[in-house]
């Protein structure tokens, strides 16, 4: 199992990410709302 993070997604928008390994199970946790002008919207 691998732990990773994802980039924020704006309301009404979508996102697409890829990983170098097969995904056998996907567990999503820690959903939260953040302001659109927040530094947390940056994705490295």
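The values are calculated or read from the model by the stated rules, or taken from the named source; none is laboratory data. Bear in mind that the values here come from a model prediction, so they are computed numbers and not experimental data. Because the Cβ atoms are built from the backbone with ideal geometry, glycine has one as well, and the counts that use them run over all protein chains shown.
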Residue in the stretch 11-18 that is without any contact (Cβ under 8 Å) to a residue 24 or more places away in the chain, on the phi > 0 side of the Ramachandran plot and not in a helix (DSSP H, G or I) present
yes
Which condition from (1) surrounded by 10 or more Cβ atoms within 10 Å (Cβ to Cβ); (2) modelled with pLDDT of 85 or more is the one that residue 25 breaks?
(1)
